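Working notes for the structure below.
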Amino acid sequence: MALSFPCKASLNQHIQVKVNCSNNKYLQNIKNLTRTLTLPSISSSPHESLQKGNWVKLICGASFEDVVDIRNLSLVYTLAGVDCIDCAADASVVSAVNEGIEAAREIVPLRRPWVMISVNDDEDLHFRKAEFDPSDCPLDCSRPCEVVCPANAISLVEGKSTVELPHGTGSPGALKGGVITERCYGCGRCFPVCPYEKISMVTYVRNATATAELLKRDDVDAIEIHTSGRQSAFFRELWNGLGDAIRYLKLVAISLPDIGDSTISSMNTMYSIMEPQLDCYNLWQLDGRPMSGDIGRGATRETIAFAVRLAAAKDRPHGLCKRSPCLLRMHVKFISSAGLHLLLPIGFLQLAGGTNAHTVNGLKKEGLFQTVSISSNSKDQTLLPDSSCSAQALIAGIAYGGYARKIVGRVLSRMESKQGIAHIEQYPHHFLEALTEALSLVGTVKSYDPSLITHRRL
């Protein structure tokens, strides 16, 4: 049984900063990069990106609550052109995301990505924290937990004891520190490497009532419900607990793992629960190998395999929008390899769990990466596939979590090691470096010109 906690986050010191962009060559390069690459690619709204197949979502982490890092990540990836930023269902975290978005829009006037909050209906890997008592750790431990943590969420230092031993000698002290709770996002990599088995994982379930209040904020646009897909009763309970807050949303996403032959029936059951109250777009997040995109190239294979199977399914639920009746009749038209004109209903499928810089190439090999040109007649959309596109190519986009945080996070870490906690635009050299990393990733989906994404130095 998972523990139930109200929404809570550790607040870092709030930093107020104003930056003079006009006289700084680095910030001018940032403006130029964004205007050249990002603005033309995100002139359409997020829901049009879903329809076109070039939707990109940044996953800050359902349990990641370091508000300074979240603010900086949101700033950088907004400028890089993401369509959505997914974060923990916590008021302070949501405010940090929106602060980052608005900081980006002050630098370059671009459209606002949707803000999504993540919740769970039962125990879930994304909703847990590592926990241990550092005083129980032997002083001679090699501390592999510190080394393996991708979020720098474990810090151990040797403290001096004030206990006096016989003959006036002091005790050898004990380790202090432990898990930095707001930075831990529950990946679990520390758990198996502890040589003394001192680490445990504490799970929690987001509070439905507090979540419903967050959904009513004018700066929250979407929700993602993480579910195992095996217990519809838990899903129904959460959905009912959200009540009329659903009507404030532009998108409802369901994140679920591949549960084999039961996946489609589970999706249809959940859709039937949502459908009477669903007044917005619906997206299915295919969670291949959770929280693993930063590990290596092969981590993306599971989510691609999941996508291949579901894209070919004919009985999965569709992503419809009651607000736009035309979408109920809208179909994607494309020409199959046999030359036949085929019609398939719109259904938004998005990859996650193991996604990284190799995901788009993997999709292309399977014929699942495509673009859609929307004509003026919304009832007749034409799919413009690449040469390898197959009849089942219906992937709306990709969500990047661990990998996206890693490539920008290492820049943030270098900045903070020298400057301390700061807003990234205070240090334009690091800012440009972080944006270049983000553009390189987002650009694989948005089709940015890689020759224009270069580090520019004074």
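Any read-out appearing in this document is the output of simple, stated calculations on the displayed coordinates, not a laboratory observation. Nothing here was measured: the structure is a model prediction, and the numbers come from that model. Note that each Cβ is placed from the backbone with ideal geometry, even for glycine, and that neighbours are counted across all protein chains shown.
If the segment from Arg236 to Val148 were pulled out straight at 0.36 nm per residue, it would be longer than the present Cα-Cα gap by 28.0 nm.
Sorting 110-120, 246-256, 413-423, 62-72 by average packing, meaning the other beta carbons within 10 Å per residue, from highest down gives 62-72, 110-120, 246-256, 413-423. Can you flag which of Lys25/Lys129; Lys25/Lys57; Lys52/Lys129 are past 31 Å Cα-Cα? As for pairs spanning more than 31 Å Cα to Cα, those are Lys25/Lys129; Lys52/Lys129. Protection proxy ranking of 431-444, 228-241, 177-190, by the mean of other Cβ atoms within 10 Å over each peptide's residues and highest first, is 431-444, 177-190, 228-241. Past the 18 angstrom mark, what percentage of all C-alpha to C-alpha distances in the range 217-292 do you count? Here the long-distance tail beyond 18 Å is 38 percent of all Cα pairs in the range 217-292.
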